[in-house]
Amino acid sequence: MTPLVLATALTKTYGTHDALRALDVTVAQGSRFVVLGHNGAGKSTLLEIIATLRTPTSGSVRVGGFDTVTQARDARRLIGLAPQSNALDPLASPTEVLDFQGVALGLGRRRRARRTRELVDLFGLGEHRSARVAKLSGGTRRKLDLAVALVAEPAVVILDEPTTGLDPLARIDFWTELTRLNQAGTSLLISTQDLHEADVLATDIAVLREGRVVAQGPPASLKQRVGARTLTLDLSGAAAAAAFAAASEAGFRADPDRPDRVRLSVPDDPRALAKALTEAGDAAAEITRLHLAEPSLDDVFVALAAR
């Protein structure tokens, strides 16, 4: 299948500084693709080039097969953009904002009216349809930002720091909206500094460091790349821990810093985990604490994205 977004040997130079360096990225149709990286890693530059807001110094980007420089108009028809801060008219209502966007995109009156009704219903904006944007909560304004990006029914929506400034409940609500939108067929390309957000949303991740992609893949594969699942058991004392480790066929080893603790790095194999848990079950009377830890995106970020 042809990728929805394909960046090849993409380079962007500002003076003597390379914001992007021969970067390759592939975004599959239907994915929720998240870009991670430290400040200055090139995330915003990459999204701006894909959105046709900037031109690369060299290399190319294709969206739906269209070159974002030589076929920019065709590429833009496939793209919806929800920037970190959208300049919505504070005195307009959500229905007016959506209709204005349709006018700007050259949509006919009937199609504008239809899309406005659909998007108001899709994002639950009905009770706010006549309210001024200035009176809306941060979470509702962010939903309106996303609705504006969807007026032309794009194939991919680009979101830069989509939940910055939202309270925890509004963030969770917005993540639900994004997931629902994706499941309905819209691909998402997201830049975020929030590793928990990336873990919740991403089907695929690209990690940028100093303008280069240092890793790309599903979250689970990136986590496996930087660490292993670890099963930790605290036992009733040092003697019990030593006896348990000595008898273990699963491979538990004593923790040198805690004589009453044993650890096991569990490979990504259900049989290995089952064997370890069986041993733990046999020694349940001696176990005071059991903890199964997975490598996290924090571990990925520290290992791969840190300068």
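Being closer than 24 Å to residue 225 by Cβ, surrounded by 18 or more Cβ atoms within 10 Å (Cβ to Cβ), touching a helix residue (DSSP H, G or I) at 6+ places or on another chain (Cβ under 8 Å) and β-branched (Val, Ile, Thr) narrows it down to one residue among 266, 262; which is it?
The match here is 266.
From the list 251, 281, which residue is over 16 Å from the mean Cα position of the chain (by Cα) and in contact (Cβ under 8 Å) with a residue 12 or more places away in the chain?
Only one candidate qualifies: 251.
Return yes when residue 217 is among the small types (Gly, Ala, Ser) and closer than 30 Å to residue 32 by Cα and no when it is not.
The answer is yes for residue 217.
For every residue, the table says whether it meets (1) farther than 30 Å from residue 16 by Cβ; (2) under 27 Å from the mean Cα position of the chain (by Cα).
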site	(1), (2)
234	yes, no
247	yes, no
258	yes, no
275	yes, no
296	yes, yes
303	no, yes
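Anything in the range 151-168 that is more than 20 Å from residue 48 (Cα to Cα) and either surrounded by 19 or more Cβ atoms within 10 Å (Cβ to Cβ) or touching a residue at least 24 places away in the same chain (Cβ under 8 Å) (or both)? List them, or say none.
165, 166, 167
Does residue 77 qualify as being in contact with a helix residue (DSSP H, G or I) (Cβ under 8 Å, 6 or more places away or on another chain) and surrounded by 14 or more Cβ atoms within 10 Å (Cβ to Cβ)?
Taking the combined requirement at face value, the residue does not satisfy it.
Are any residues in the range 189-206 in a strand (DSSP E or B) and either small (Gly, Ala, Ser) or crowded, with 23+ Cβ neighbours inside 10 Å (or both), and if so, which ones?
Of everything in the range 189-206, those that are in a strand (DSSP E or B) and either small (Gly, Ala, Ser) or crowded, with 23+ Cβ neighbours inside 10 Å (or both) turn out to be 189, 190, 191, 205, 206.
Taking the condition of being on the phi > 0 side of the Ramachandran plot and buried (at least 21 other Cβ atoms within 10 Å of the Cβ), how many residues in the range 169-188 meet it?
Looking only at that region, the number is 0.
Residues that are outside the structural domain of residue 192 (by TED's automatic domain parsing) and over 26 Å from residue 200 (Cβ atoms): which helices (runs of 4 or more DSSP H) entirely in the range 230-307 hold 3 or more of them?
238-247, 270-282
Can you name every residue in the range 207-229 that is under 27 Å from residue 166 (Cβ atoms) and in a strand (DSSP E or B)?
Scanning the range 207-229 gives 207, 208.
Can you tell me which residues in the range 214-239 are surrounded by fewer than 19 Cβ atoms within 10 Å (Cβ to Cβ) and farther than 30 Å from residue 28 by Cβ?
Answer for the range 214-239, where residues must be surrounded by fewer than 19 Cβ atoms within 10 Å (Cβ to Cβ) and farther than 30 Å from residue 28 by Cβ: 230, 232, 234, 236, 237, 238, 239.
Of the residues 139, 124, only one is over 17 Å from the mean Cα position of the chain (by Cα), farther than 21 Å from residue 78 by Cα and assigned to a loop (DSSP other than H, G, I, E, B); which?
124
Which residues, counting only those in the range 275-302, are in contact with a strand residue (DSSP E or B) (Cβ under 9 Å, 6 or more places away or on another chain) and either under 30 Å from residue 36 (Cβ atoms) or at pLDDT below 90 (or both)?
Matches in the range 275-302: 291, 292, 293, 294, 295, 297, 300, 301.
The values are calculated or read from the model by the stated rules, or taken from the named source; none is laboratory data. Since the structure is predicted, the reported quantities are computational estimates derived from the model, not experimental observations. Quick reminder, even Gly has a Cβ in these numbers, built from the backbone with ideal geometry, and neighbours come from all protein chains shown.
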